[in-house]
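Q: The structure under discussion is supplied below as structure tokens; questions concerning it will follow.
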């Protein structure tokens, strides 16, 4: 199947194997996905499915909106819906595995990857470090929903807090998450307010004088 896909014009396939020739990753990108990346690839979401498949692989996706680990890069199209621009299966989310996948993505999209401005990830911080290393000019943003949901989950299962104690901790964590966002929002409002004083005063002009 992978060989057949590789024969399709514009499609890319990467098979990642370890020293024992055991497959630990598969990366796929079609010609249509390349076109979507070129059109709407400024902001990408790195989306992993929950858990693994029956072989223990993760599925990942780059969306412009992968266990094996299935993941995607996802781009946001003109309708506001996510469009996968890269699919991959990975046995783990280690630094070396993610680096191999991202470098392959850059190699096969030499122009489009340089236009990427932001990545949005969930709670996994290994991919954060690897993305910052592989895409030094792009911003990596943490999805607040996933971060808060994960924090709520571990509070319930690991710390044995009472309900009101969990509420307090969750509220404090949420405040930390939103603090920077609130700062940016207030900064924009303040900048717009000050812009009035930065622009030179525009005095009305007249077309000349007339003698009576």
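Read the figures in this text as sums done on the coordinates, not as results from a lab. Keep in mind that what you see is a predicted model, and the values were worked out from it rather than measured. As a convention, Cβ positions derive from the backbone with ideal geometry for all residues, glycine included, and neighbour counts pool all protein chains shown.
Q: When ranked by the protection proxy of mean other Cβ atoms within 10 Å per residue, highest first, what sequence do the peptides 25-37, 102-114, 132-144, 157-169 form? Don't skip to the end; give the middle numbers.
A: On the way: 25-37: 20.3, 102-114: 16.4, 132-144: 14.1, 157-169: 10.5.
Put in order of decreasing packing, that is 25-37, 102-114, 132-144, 157-169.
Q: Also: Go ahead and run the numbers for FRET between residue 42 and residue 20, Cβ-Cβ distance against an R0 of 30 Å, rounding to 0.05.
A: 0.15
Q: Just to be sure I understand the model, the point goes 7 Å from the Cα along the line to the Cβ. What's the resulting residue 171 to residue 146 distance in nm?
A: Between residue 171 and residue 146, the simple spin-label model gives 2.8 nm.
Q: Also, I was wondering about something else. How would 118, 45 line up from fewest to most surrounding beta-carbon atoms within 10 angstrom?
A: On the way: 118 13, 45 24.
Least to most surrounded, the residues fall as 118, 45.
Q: Suppose each label sits 7 Å from its Cα in the direction of the beta carbon; what would the residue 133-residue 115 distance come out to in nanometres?
A: With each label placed 7 Å out from Cα toward Cβ, I get 2.8 nm.
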